[in-house]
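Structure first, then comments.
Taken together, the values in this text are just the output of simple stated rules run on the coordinates, not laboratory data. It should be emphasised that the depicted structure is a prediction, and the values quoted were computed from it without experimental measurement. Virtual Cβ from ideal backbone geometry, glycine too; neighbours counted across all protein chains shown.
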Amino acid sequence: MKAMQCKTADELIALAKAGGYEITKEEAEAYMAELADYDLDGEKLQAIAGGTGPYDAQRPKRIE
Amino acid sequence: MRLSTYEIILPLVGADEKPIEGYALLVNGLYGAMDVVPKEDADRLQAGNFAGLSAALRERLMLRGHITRKDEAGELADLKLFSRIYKNVQGRMGVGLVIMPTYDCNFRCPYCFEQHRLKKGQDWLDNTMSDEMIEAVFAALKDYKARGYVVNGCTFYGGEPFLAKNIGVVKKIAGKCREMGLFMGAVTNGYDLEAYLDFMEEYKLGSIQVTVDGTAELNDRRRLHKNGLPTYDRILRNVELALQRGVTVRLRVNVGKENLHGIKDLVDDLKARGFIAKEEERAKEEAELRKTDLKAKTKRGVFSYYFKATTDDAHPEKNISEQDTIDEMMKIGFTAEEAVARQSQYDMIWYRMNNLFKKESYPDFSPAYCGAETGMLVVDPFGKIYTCWDVVGKDDQVTGYVQPGMSRFLWNFNKAKWRTRTVDLMKACQTCPHALICRGGCASRSSNAHGDYFREFCGEVREIFAFVASRVAGREWEKRCAAAAAGEACMDACAGELTLSLAGPASRFTNAERETIMSTTSQKEIFDIVKATAFLPEPAEAEK
């Protein structure tokens, strides 16, 4: 829950380190992104190719 | 000038399975450019003899990224740029929802990757998702939607999600899905499906994946009922009943050494039971209906089947390669195209490339292998969340949780580790020509091979890509040559350009814009830059 209160990736990195957990800057940013809203129009973006690969975010991958 | 670090040069193979002499396929794995060039020019490229190319060809290949003035670090910077755009724009927009009503299963398949959960005993397995947990999950999903994320569908998964005894809890979950307008599908062994026929019709279940591993006894040894009961006939009978109720059925066949040579018998039996002929009739009927209504559907569901090499990590000596399944299918009479269409590791590349040849969209630039790295959300009966359905039940891979009384999902740092398992950040992938083709490979397979989910897994991707790309491009080239011979097209300098290239859009970013993209965490800021440079196509107008 404390992680959710961090305002920046650096704060999160420091909090994690204090708890004995090492995270990279990219991981910290990715974690903070999970807590944030999605600001773009997802419905419109879904239709844009160039970003939809065989495994897109809308569907789980086929069972391997 | 140098040949791109990400360049792949392949032969062309025609529809007759013979090499197309005199030509070669250039694939730039970073920018997605695919070009057919004379073989002698491909040889010149490999030798670094750029001066030996015609001026027009040299210019075209430079513009498209096959030849570059950038050094390795400069090209890597483009890979990182594309990856950052994807991860912040497309890669974050949606949730791939998977719900597990239970971990219990009535089968004991010897190669199951969830065998670890059996150690917890039947009392634990008997647990199903409680009413309170269902409420919490859907409250959290509504929160997700309210925060701007796209939630389109739900896949039922297990264990076995469709056990007859659990239809009550499945209906409750499906009811919530229906309230949210979610498309529903399931991965099921199909054994108890008869109990779910009315349910599937009432709740308009879109599709199911069912597995059989050969005919009769061969299947029954691998798709093993926990009480030793035969399963094959009952599964296929249920598949037919589901198709009659309008459910799309994708029949999967897990193939190992034991059943590789049973593929022919299975295909013959599917024909004898009428699945193939009925699907052909259904497809014809649908084509007829769609002459007047583009979205028309037949009453009968769509039937298809595909093969996948099993990965039985407890008994690797029983495994085969993906190419073995292709070879076996071609041996029993399938053409290469037909075999590829029925092999899950091959058909996606075939489909993707054929789409790219239309030049209506830029090549894919996702740096993530699958939904596990981009937003898959697998919720188990206890509210534990995983991002990969191969690791359910493994407590060290839980990425978050939801509990009754909560109205949002809570994440731990594992979530961030999975989100950053992308080719721009994995050292071994960063300068690999196949980086944006294989995208780092399967995390679960990486764990089995290297003991680490967060490493690359290459598997057979190079061989699979070479097999498919040579043939898809070969057929496209033959088509273009035939059109030119018939006077319907001309073989001008652009005839060999099979796809668009991201090299052009990438060149439109200013240094300042690149710096902003690489440093900001604002999706809007990144998207505004990307839009201004026309890096992404405009969405098509919605059909009226």
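The residues neighbouring residue B:474, those whose beta-carbon lies less than 14 Å from its own, together hold a net charge of -1 under the Lys/Arg +1, Asp/Glu -1 convention.
The order of B:196, B:386, B:401, going from fewest to most other C-beta atoms within 10 Å of their C-beta, is B:401, B:386, B:196. With contacts taken as Cα pairs under 8 Å at a separation of at least 6 residues, chain B carries a relative contact order of 20 percent. Using a simple spin-label model with pseudo-atoms 7 Å out from Cα toward Cβ, residue B:268 and residue B:147 lie 5.6 nm apart.
Taking only C-alpha pairs under 8 Å that are 6+ residues apart, what is the relative contact order of the stretch B:110-225 in percent?
Values: 103 pairs, mean separation 26.6, N = 116.
Once normalised by length, the contact order is 23 percent.
Could you tell me what % of all Cα pairs in the stretch B:123-180 have separations over 17 Å? Here the tail beyond 17 Å accounts for 43 percent of pairs. Only Cα sites of the protein assembly as shown enter the Debye sum here, all with the same form factor; the resulting log10 I(q)/I(0) across q = 0.05, 0.11 1/Å is -0.23, -1.16, listed in q order.
To the nearest 500 deg cm²/dmol, what mean residue ellipticity at 222 nm is calculated for chain B from DSSP H runs of n ≥ 4 alone, each contributing -39,500 (n - 2.57), summed and divided by the residues? Intermediate values should be presented prior to the final figure.
On the way: 22 runs with 221 residues, N = 544.
So the calculated ellipticity at 222 nm is -12000 deg cm²/dmol.
Legend: ranking of residues B:82, B:156 from fewest to most surrounding C-beta atoms inside 10 Å; resulting order B:156, B:82. Within the stretch B:332-391, the trypsin sites (Lys or Arg not before Pro) that combine a DSSP coil assignment with at most 10 other C-beta atoms in a 10 angstrom radius are B:358.
Rounding to the nearest 10 and keeping the result within 0 to 90°, find how far the Cα-based axis of helix B:167-179 lies from the longest principal axis of chain B. Compared with the principal axis, the helix lies near 50 degrees.
Can you pull out the trypsin sites (Lys or Arg not before Pro) in the stretch B:46-124 whose DSSP state is coil and whose Cβ has at most 10 other Cβ atoms within 10 Å? Sparse-neighbourhood loop trypsin sites (Lys or Arg not before Pro): B:69. The angle separating the long axis of helix B:263-272 from the principal Cα axis of greatest extent in chain B is about 70 degrees. Taking the C-alpha atoms only, the angle from helix B:344-356 to the longest principal axis of chain B is near 50 degrees.
Which trypsin sites (Lys or Arg not before Pro) from the stretch B:411-459 combine a DSSP loop assignment with at most 10 other Cβ atoms within 10 Å?
On the way: sites: B:415, B:417, B:419, B:421, B:427, B:439, B:445, B:455; in loops: B:421, B:439, B:455.
For trypsin sites (Lys or Arg not before Pro) across the stretch B:411-459 that sit outside H, G, I, E and B with at most 10 neighbouring Cβ atoms in 10 Å, the list is empty.
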